[in-house]
Amino acid sequence: MLKTLLTSCTLAVAVVMTGCATTDSLQTSPQASQKESIGLYNRTWIATQINDVEVKSNDLSGKRPAIQFDAEEKRFFGADGCNQIRGSFESQGSILRLGPIASTMMACIGNDNSTLSRQYANALASTTNYELKGHELKFLDASGRVLVTFVTVIQPLP
């Protein structure tokens, strides 16, 4: 009986200690750990800057501009802070060209939201290249100017 009790207690302590072990938090900053190689595809990229201006969440919906790339279908989808967007893309090396953008036509309340949506759409349309470093993705125009900066979390999409 004592042996069974001792074994059960040891097992319980091991389970509790495993549960209390520290884990890496989700990192969304450009300074995030670069232990894991991050790819462009099958993850959500959340915009942090458009044309060197910090992006904030839409006050009413809580949405931020974001994009995801499906490597198999060569399609992208996401949001512009108000509406859902989608389209096709081509990529080779650091070259990235986004096809025509289809968008839902929700009424964006407030001038800031309409302006943000327009700036994001213009930046996507002007993208010719990208840079991917750690957890940070940058869309660039033909002159190398940064149009949009994104970050992602460590876990890829299922």
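The numbers here are math on the coordinates, done by the rules we state, and not lab data. Please read these numbers as outputs of a predicted model, since none were measured by experiment. Here the Cβ is made from the backbone with ideal geometry for all residues, glycine too, and neighbour counts use every protein chain on show.
Quick notes
- Cα gyration tensor, the stretch 111-154 - rounded (a/c under 1.5), prolate or oblate: oblate
- Put simply, when 79-85, 50-56 are sorted by average Cβ atoms within 10 angstrom per residue, most first, you get 79-85, 50-56.
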